[in-house]
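Below is one structure, written out as structure tokens; the observations come after it.
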Amino acid sequence: MIFLKKLFHRPVGSKKKGSITVWLTLSFLVFLGLYLICLQSVQKQSAKRRAEQAVENGMFSLFSEYEPHLLDKWDLFYIDTSFQGGTEKREELCSHLWKFIQENITNVRGKPLDGLNLQGVNFEDLVRATDGDGAVFYHQAIEVMKEKWGQDLVEDWLLGPEQREELLTQAEEMQRDYEESRRVVMDYDDEDDELSGEVSSWSSFLDGFFFKMAVPSGSILSEKTINTVNIPTVRPLSEGAGAAQGNEDALIQKQWFIGYACEYLTQASDHLAEGREDGYLDYQMEYLFAGQPSDQRNLELTILSLLALREGANYTFLMTHSNYKEQAEFLALVIAGLTGDDSLIQAVKHLILIGWAYVESIAEVRQLLGGYELAVVKGEDQWQVPLSAVLRFLGNPGSYDAQTAEQSGLDYEDYLRMLLTVVPAKTLAMRSLDVIEGELRMMEGCEQIHLDHCVERMTVQVWMDGIYLERTYGYE
């Protein structure tokens, strides 16, 4: 005690009176109230931030449950909301998200953090692969190819708004011309009902004959067929919130998608030499073009279109080279010269040129299917079937399966790209979904998957104590 008295000048046991004014008391109460309000606001904001983080982590976890087979084989990100069960299960989807969010708002002992209690979870606006007639899948496939080749920024830099508009206009004109030509053909077929049966039979016979002529020797033709009742193109689909994003028929966008199809789908040239026992259709690219339920019919229609395409180019070649025209004219004189009718002779000459061009086209298509390329601009040294060998070719078309002078230019896939360019984008997308779903459902554990249950994007609604959150998440 003596030590303490020396240390402090003021006696230890002495008392002093204190006082506080009413104003200071009221001021203190006001500041204390403000402090408590700020503290409560900070607690609410902290709880809200934790809730937002929990929802985001939960959605990341949910989207990590993507369908692995779609990613492994086609590089597509989708969640199967049926969980391989064939029927969409919204309740199970909600329960998965509930579990993921709950793990982010409770501690290791299961007690809530920041007083957060999860009260409800719901999903809205599911964007499905089949929405917009396949537009959702169409655009994801395009993005896959852009990322694979790193061309997205280059395309945006090279193509300004004017160039994009011009390409879109060109694509629309090409599509209108294609549809008009199909309409004319259909109208022509319907003109004479009495002869339609005979004409159809004769046409089918010729188509089958030329199809067999154009297939390389030793080819193993697929006999696979599909049941079209339950494919996405035909069956009623679950509707989602996805819609077309525009410019699907723009030429450059369509070429990106066709590139995706060439990368991930099979074509006839892949399997003619050796057949494929398992799997869906073998000639999948040909199915995109023709849309028929059998491999052989799809290949037949594709080959006939290629023959028509090459025949026009070969006929133009013959007409622009005088020595070839002279050979045809000489043969026409031998056949019809005795009639003395010049118009008949000219008609026979053109028939000879057309037939000659078609035979050359058959040889070229056989070579394309065998893996050869055709020159973009044909020269005289690249013409393969002489007029004197036309009949011999019809008896032994395999003699021209190999090119005597190997050409460089366009291969079978390049010609497929040309044919697919005139097919509407929506048709390409939906037929691609037919093929992908068919292949997918042949995999173990995926027998019940429907692509209209596969979701790319969704909006989640979450309720907690005093907090409501609505967020949209998807694969980018």
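Residues Leu338, Leu307: which one is modelled with pLDDT of 85 or more and more than 16 Å from Asp411 (Cβ to Cβ)? Matching residue, one of Leu338, Leu307: Leu307. Within region 360-374, the set of residues being hydrophobic (A, V, I, L, M, F, W, C) and more than 12 Å from Glu406 (Cβ to Cβ) comprises Ile362, Ala363, Val365, Leu368, Leu369. Out of all the residues in region 224-247, is one or more touching a residue at least 12 places away in the same chain (Cβ under 8 Å), of a type outside the set (Val, Ile, Thr), closer than 20 Å to Leu419 by Cα and touching a Lys or Arg at 6+ places or on another chain (Cβ under 7 Å)? Looking through region 224-247, none of the residues is touching a residue at least 12 places away in the same chain (Cβ under 8 Å), of a type outside the set (Val, Ile, Thr), closer than 20 Å to Leu419 by Cα and touching a Lys or Arg at 6+ places or on another chain (Cβ under 7 Å). Taking the criterion of being free of Cβ contacts under 8 Å to residues at least 24 places away in the same chain and either farther than 19 Å from Tyr475 by Cα or touching a His at 6+ places or on another chain (Cβ under 8 Å) (or both), the residues of region 41-86 that qualify are Ser41, Val42, Gln45, Arg49. For Asn298, state whether it is surrounded by 18 or more Cβ atoms within 10 Å (Cβ to Cβ) and in contact (Cβ under 8 Å) with a residue 60 or more places away in the chain. When the stated conditions are applied, Asn298 does not pass them.
Can you name the residue in region 73-105 that is acidic (Asp, Glu) and part of a helix (DSSP H, G or I) and is also modelled with the lowest pLDDT among such residues?
Our first condition is that a residue be acidic (Asp, Glu); within region 73-105, this holds for 75, 80, 88, 91-92, 103.
Filter again for part of a helix (DSSP H, G or I), leaving 91-92, 103.
Values: Glu91: 90, Glu92: 90, Glu103: 87.
So, considering only residues that are acidic (Asp, Glu) and part of a helix (DSSP H, G or I), the one modelled with the lowest pLDDT is Glu103.
Among the residues of region 104-121, those identified as out of contact with any Gly (no Cβ under 7 Å at 6 or more places or on another chain) and in contact (Cβ under 8 Å) with a residue 40 or more places away in the chain are Ile105, Leu113, Asp114, Gly115, Leu116, Asn117, Leu118, Gln119, Gly120, Val121. Here the helices (runs of 4 or more DSSP H) wholly within region 264-366 that include at least 1 residues being among the aromatic types (Phe, Trp, Tyr) and over 36 Å from the mean Cα position of the chain (by Cα) are 295-319, 322-336. Residue count for region 114-127 under the criterion of being buried (at least 20 other Cβ atoms within 10 Å of the Cβ) and touching a Leu at 6+ places or on another chain (Cβ under 8 Å): the result is 1.
Of everything in region 412-460, what is hydrophobic (A, V, I, L, M, F, W, C) and surrounded by fewer than 17 Cβ atoms within 10 Å (Cβ to Cβ)? Give them in sequence order. Walk me through it before giving the result.
First, pick out the residues of region 412-460 that are hydrophobic (A, V, I, L, M, F, W, C): 416, 418-420, 422-423, 425, 428-430, 433, 435-436, 440, 442-443, 446, 449, 451, 454-455, 458, 460.
If the condition is that a residue be hydrophobic (A, V, I, L, M, F, W, C) and surrounded by fewer than 17 Cβ atoms within 10 Å (Cβ to Cβ), then Met418, Met442, Met443 are the ones that fit.
Of the residues making up region 53-87, those that are within 27 Å of Tyr468 (Cα to Cα) and of a type in the set (Val, Ile, Thr) are Val55, Ile79, Thr81.
The values are calculated or read from the model by the stated rules, or taken from the named source; none is laboratory data. Note that this is a predicted model, so its numbers are computed, not measured. Using ideal geometry, Cβ is built from the backbone for each residue, glycine included, and neighbour counts are taken over all protein chains shown.
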